[in-house]
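Take a look at the structure set out below.
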């Protein structure tokens, strides 16, 4: 195996969900992430798309080392980082190289800290407070995150900023450590439309100027379609289709992906089209359906789908999908 | 924007922080009074030798026993012929010292226990909290009596006994606050950057727990003072000192009651009451400052809206089902300029029509919708304009008449399905209640069937009727809210961001449902959203709002293919379109205006790529374009205007 930048193999995370009844012996578990493989290259943007309950946020926490995987491995620059504890992660500089941006900019900033304190905090944690260029680094991080001029914002508190500005502060606090990967968990879903684009453009710019790879987690394929290099579609803890953005959008193979794409609103009433609206919701990850986990909601399911769990089918060097209909 | 940035520039020094604190604190009258009472008594204690006319425990003359208050002894004298006023002044020293030191011990212990239990959880929490529970069940006073009686009743002992027994409530309060803070996202974020436990506790948990600890401290002090008085009164005080409690004890034990010497009892008692009351009031004030949620919020309903009659407003009854004419709503808060939340907005809605109301947060769309139902919070006032529903002016109706229209005529589907449902009642129950409340005459026996029918209408199986909201998924809760809105067969439904928090697929399901209901029941729907894509999928007409005013109002096709207002144009460009992948999204620089700091001219001018001089000084009026009711409030849309829409660098830089 070649030395990939980030490589995830067979990653699983089961949560104990207690016993079905008081007297039952076996415990149930939630299969939040159930065998995920993918790789990420340097300065690549990958979009992880799926509905809530598909395990995408758990996957992010696993990659950050904030949850312990049940099985599988995560390799970063060839080094196995799957089971490192907090201390080892910090020693290996992973806590600096991999940063995360959370969904809710209102919740992810401590209201009692000033912007300067928030952006300086990572340096403090990593013992870099006394580096001579500290001031410069903070300024640069703030300005790279689009908070210009930095001095206007330093002494302010989060509640004095708008949602978009707060999300920029979160980004600045990540940038100050000069990370190599940014994991963004629904970073724009709480932002106004006119500001969303600005934020996504900011990420797109950072990958070029700072060579940062981005894992962009979202339920809305529409919001990342144009800037992701690759798209991975998740359903019930697994990736069901992965490929370059154009492959997934234009040569869509998996029926779930097709449905997801069809319901993305098109901002033009002249292009109103038939939408494939799946009935029901993502099933409870405690009871994963037999065979293909998508078959109960699949509009084109055949009998075999209830029996066989489809393996990934390679369609091109970059494009893979797990659907029985592709095997024929 | 620039101006507000500079004024809010704050100095971080302690003095500046205290100044800020004081500015807020002084708004609370009870707090200031409490603080005054407290400071007064502390000063009395500190300057006791200067204030007291006689020395500490100085007997004036044995013959002066139980002298009533007079010019020489303003509080009278006690059984030993001592000046009560002097003893009172010195007693303040003892009582306050015991109170403060004992409380200090309690707060430290309670704070540490609570913090450790809350932060580390698991076995630590189990042990500490069970211990706390046990301590809580044991009545404090008898235990103190036993311990003090067993040990030597010296001042130090008393301080420790009170301090060591008074920490339980503090531990519980601190634990719950720690738990709440620990689960917040910024703590997770700190962990993600590699912060250790010490760092998280000192930088994130403590600053958030501190305010509660301070309020708690004030309460614990007053409790400690009361406890000391009780102990002393029971004869367990330090006999060498004279606290207020001790004074009471002596007076009571030595026949002050039978001698009719009320002054020997009343004045020390008054001292205790004074300090405890002062502390309580001060605590209340502190709580108001440190816990802003207790502040009376502008959303609290109170007085009804008084509508100011516009002098020349002559109602023009309309043909449409729902028509809003030149509606303006201001939020009026005392001592502040009115926030012009909605200004001069008009639209009309016919049966079976779907109007999309599009705008970003703070553009006034929710205010407008609340005004349609006359549900504005107390600060919100309709200052101009009319709302006609089937030809009736809703702004002229009183509360009772309006109630007949709410739900049966116009109903609303609120945003945030979890908060809009009562978590402790079944969904079926809540729908039934909606029917009964709005149609009191509805035959009771027909209600279960009606509830089932409504649930069926929104695609929820009848067997989910007796489930609680938490057993529903997000999409189902939203459906339940729609069922509730349909309960009284309204003709108009206002859907306030009904799909915002939902996944795309569930969003599509809800949109399909609303669309089918509209066709099946002939409903007119006002769909409030910030999502232009959703609007394009299903609306007939679109009203784009910006900063409280109509930016553009037109048929859906015109909005998407022939928009005239630069805001609409820019918003569309900012919207991702998968039919044109790889196209770079353009964003609108800057941020929407705050309603209390609106720009002088066009509200969009500071962000507008096409703004010219006039835009910054003069607010554009609504211009009619063509004959199909297309309206845009932009100087460029003026009839005969020749200024082309061109890209000019925005004037104000960030």
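Quick one: in the range B:31-294, what % of C-alpha pairs are over 31 Å apart? Don't jump to the answer; show the numbers that get you there.
Working: 12569 of 34716 pairs.
Percentage above 31 Å: 36.
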Enclosed volume per residue, in Å³, of the convex hull spanned by Cα atoms of chain A: 168
Tell me, in nm to one decimal, what length is gained between residue B:617 and residue B:512 on full extension, where the rule is 0.36 nm per residue of separation less the Cα-Cα distance? 33.4 nm
Label-point separation in nm, residue B:521 to residue B:133, each point 7 Å along Cα→Cβ: 4.8
Counting each DSSP H run of 4 or more residues in chain A as -39500 (n - 2.57), what helix-only mean residue ellipticity at 222 nm follows after dividing by all residues, to the nearest 500 deg cm²/dmol? -8000 deg cm²/dmol
Once the Cα atoms of helix A:163-175 and of chain A are each reduced to a long axis, what angle between those two axes, in degrees from 0 to 90 to the nearest 10, is obtained? 80
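In peptide B:34-44, how many Cβ atoms from other protein chains are near each Cβ within 10 Å, on average?
Numbers: counts 0, 0, 0, 0, 0, 0, 0, 0, 0, 0, 0.
Whole-number average of other-chain Cβ neighbours for B:34-44 is 0.
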Dimensions (Å) - chain B, Cα atoms, principal axes, largest first: 105, 63, 58
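Please compute, over every Cα-Cα pair in the protein assembly as shown, the percentage with a separation greater than 49 angstrom.
Working: 179450 of 481671 pairs.
Result: 37 percent of Cα pairs exceed 49 Å.
Can you give the percent of C-alpha pairs in the range B:464-552 whose distance is more than 15 Å?
On the way: 2428 of 3916 pairs.
Tail of the P(r) past 15 Å holds 62 percent of the pairs.
Antiparallel as a % of all DSSP beta bridges within the range A:6-326, to the nearest 5?
Details: 26 of 44 bridges.
Expressed as a percentage, antiparallel bridges in the range A:6-326 total about 60.
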PRE reach from residue A:210 (point 7 Å along Cα→Cβ): which of the range B:178-203 fall under 18 Å by backbone N? B:189-195
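Dividing the alpha-carbon Rg of the range A:26-109 by 2.2 N^0.38 Å yields what?
Numbers: Rg = 14.1 Å, N = 84, 2.2 N^0.38 = 11.8 Å.
The value comes to 1.19.
Nearest 5 is fine: what % of DSSP beta bridges in chain B come out antiparallel, could you say? Walk me through the numbers on the way to the answer.
Working: 30 of 50 bridges.
DSSP beta bridges in chain B are roughly 60 percent antiparallel.
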Over the whole of B:493-502, what's the average partner chain Cβ count within 10 Å per residue? Rounded to a whole number, please. 1
Given the -39500 (n - 2.57) contribution per DSSP H run of 4+ residues, what per-residue ellipticity at 222 nm results for chain B, rounded to the nearest 500 deg cm²/dmol? -14500 deg cm²/dmol
How big is the Kirkwood radius of the range A:108-220, worked out from every pair of different alpha carbons and given in Å to one decimal? 14.3
0 to 90° range, to nearest 10: angle between helix A:115-125 axis and chain A longest Cα axis: 80
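Pull out the extension gain between residue B:561 and residue B:422, defined as 0.36 nm times the separation in residues minus the alpha carbon to alpha carbon distance; nm, one decimal.
Values: separation 139, 0.36 × 139 = 50.04 nm, distance 4.31 nm.
Here the answer is 45.7 nm.
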Dimensions (Å) - the range B:325-418, Cα atoms, principal axes, largest first: 42, 30, 30
Please state, as a whole number in µm²/s, the translational diffusion coefficient that the Stokes-Einstein equation yields for the range B:426-487 at 4 °C and 1.567 mPa s, with Rh defined as the Kirkwood radius across alpha carbon pairs. 114
How many percent of DSSP beta bridges within the protein assembly as shown run antiparallel, rounded to 5? 60
Which whole number of Å³ per residue matches the convex hull of the alpha-carbon atoms in the range B:63-179? 128
For peptide B:192-203, compute the average count of partner chain beta-carbon atoms within 10 Å of each residue's beta-carbon. 6
Pairwise label distance in nanometres, residue B:240 with residue A:87, each label 7 Å out on the Cα-Cβ vector: 5.1
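Run the numbers for residue B:270 and residue B:108: contour at 0.36 nm per residue of separation, minus the present Cα-Cα distance, in nm.
Values: separation 162, 0.36 × 162 = 58.32 nm, distance 2.94 nm.
Here the segment from residue B:270 to residue B:108 would lengthen by 55.4 nm.
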Counting only the backbone N, which residues of the range B:227-248 are under 11 Å from the spot 7 Å out from the Cα of residue B:80 toward its beta-carbon? B:239-243, B:247
Give me the compactness ratio for the range B:364-450, meaning the Cα radius of gyration over 2.2 N^0.38 Å. 1.26
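Readers should treat all values here as calculations from the given coordinates under stated rules, not as data from a laboratory. From a predicted model like this one, the values you see are computed outputs, not experimental measurements. Note that each Cβ is placed from the backbone with ideal geometry, even for glycine, and that neighbours are counted across all protein chains shown.
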